[in-house]
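Remarks on the structure that follows.
The values are calculated or read from the model by the stated rules, or taken from the named source; none is laboratory data. Given the structure is predicted, the values throughout are model-derived calculations rather than measurements. Reconstructed Cβ throughout: ideal geometry from the backbone, glycine too, with neighbour counts over all protein chains shown.
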Amino acid sequence: MNDLNGKTIVVTGAASGIGAETARVLWELGARVIGVDRNAPDAAHVDRYIRADLGDPASIAAAAAECGDGIDALCNIAGLPPTRGRVPVLTVNFLGLRAFTEALIPRLADGASIVNLASLAGLGWADAVPAIKAMIALRDFGGVAALCDAHGVDDARSYFFSKEVLIAWTLQNRWTWRERGIRMNCVSPGPVDTPILGDFLETLGARAEEDMRVMDRPGRPADIAPLVAFLCSDGSAWIRGSNIACDGGMHSHVLANMYGLS
Ligand code: NAI
């Protein structure tokens, strides 16, 4: 079911953390991996590297053109942590991700799978629908700061908001490309031990300390990559528009507390 032999898969963020491990797992399962990142990935598990800045529209368009046709899956894994500030965070984590995805749609094979790396941080999306709709309506990469001002999104909130928007946008597009069998889903990890874990702990402060206290351990890239690989495989064809938690039980923990089930 997880056989990816003969599939061509584009992985953004392939140079580090979850993206690097995903590239490795996909490659081990037989896929031809195209890594897109601003930094060069480990060449051992990437058949082709395309350098791109996913915060820059011209670079995004050029990278999408370079990917070629017949792509069977796109894993949108590149992302910035909350310490980078609201404009870069929302530009890379949502506007750039969406622009790259939309540029690749004509190049995807029928039946292709798109997997977006969201986060447990996006859990509260339903409480921010007006701001999320405004962000989804924004096409101008220069308009992020004004949108944030209008909706009270500061640097600390921007990472949460970027993942809320991503989950909502994925849900909204559950059937957009259904005639071609193209599906899109999110994977939402809890805290994962990668180079940006420290950034999360720094931004979230006491809340992160509490999360780490109730968790038995932080996630590892190897906990996340197999799920992304499954979503790239034909065995997951009926999963569409979903947001799948992969967090050692943290999502359930939050829900159980919220509904008095703990
Ligand atoms: P990481 O920092 O190890 O890897 C991110 C990769 O994205 C890097 O290779 C980086 O070069 C690339 N990237 C960043 N900005 C870019 C840009 N403008 N253009 C091209 N490439 C760019 O981070 P990690 O932890 O592997 O995160 C991967 C994804 O998983 C992110 O979307 C993150 O938000 C998400 N995530 C991470 C969690 C964690 O605790 N580490 C938890 C939940 C979600």
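Scoring T83 on the criteria (1) at pLDDT below 95; (2) in a loop (DSSP other than H, G, I, E, B) leaves a single failure, condition (2).
Which one is farthest from the chain's Cα centre (by Cα) among residues in the range 148-188 that are more than 15 Å from the ligand (Cβ to nearest atom) and β-branched (V, I, T)? Among those that are more than 15 Å from the ligand (Cβ to nearest atom) and β-branched (V, I, T), it is V153.
The set of residues from the range 30-44 being closer than 18 Å to I60 by Cα and surrounded by fewer than 24 Cβ atoms within 10 Å (Cβ to Cβ) comprises I34, R38, N39, A40, P41. Restricted to the range 205-221, and to residues that are within 12 Å of the ligand (Cβ to nearest atom) and touching a residue at least 24 places away in the same chain (Cβ under 8 Å), which residue is nearest to I105 (Cα to Cα)? The selected residue is P221.
Would you check if there is a residue in the range 154-164 being closer than 22 Å to L90 by Cβ, among the acidic types (D, E) and loosely packed, with under 15 Cβ neighbours inside 10 Å?
Yes, the range 154-164 contains at least one residue that is closer than 22 Å to L90 by Cβ, among the acidic types (D, E) and loosely packed, with under 15 Cβ neighbours inside 10 Å.
Of the residues making up the range 164-191, those that are in a strand (DSSP E or B) and in contact with a helix residue (DSSP H, G or I) (Cβ under 6 Å, 6 or more places away or on another chain) are M184, N185, C186, V187, S188, P189.
Can you name the residue in the range 231-245 that is in contact with a helix residue (DSSP H, G or I) (Cβ under 6 Å, 6 or more places away or on another chain) and buried (at least 19 other Cβ atoms within 10 Å of the Cβ) and, of all such residues, is farthest from G190 (Cα to Cα)? For the range 231-245, the residue satisfying everything is S236. Of V153, V187, V129, V165, all but one fail to be without any contact (Cβ under 8 Å) to a residue 60 or more places away in the chain and of a type in the set (V, I, T); the exception is V129. Within the range 1-52, the residues that satisfy the criterion of being within 19 Å of A118 (Cα to Cα), within 9 Å of the ligand (Cβ to nearest atom) and of a type in the set (A, V, I, L, M, F, W, C) are A14, A15, I18, A20, V36.
Looking at S162, S188 in this structure, which one is modelled with pLDDT of 95 or more and touching a Phe, Trp or Tyr at 6+ places or on another chain (Cβ under 8 Å)? One residue alone meets the criteria, S162.
Please determine whether any residue of the range 66-73 is at pLDDT below 95, out of contact with any Leu (no Cβ under 9 Å at 6 or more places or on another chain) and not in a strand (DSSP E or B). No, the conditions are met nowhere in the range 66-73. Only one of (1) within 26 Å of V192 (Cβ to Cβ); (2) within 16 Å of the chain's Cα centre (by Cα) fails for E102. Which number is that? (1) is the only condition that E102 fails.
Quick grid of which residues meet (1) touching a Gly at 6+ places or on another chain (Cβ under 8 Å); (2) over 22 Å from L231 (Cα atoms); (3) in a strand (DSSP E or B); (4) touching a residue at least 60 places away in the same chain (Cβ under 8 Å):
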| residue | (1), (2), (3), (4) |
| --- | --- |
| W27 | no, no, no, no |
| N39 | no, yes, no, no |
| A44 | no, yes, no, no |
| L54 | yes, yes, no, no |
| S59 | no, yes, no, no |
| F94 | no, no, no, yes |
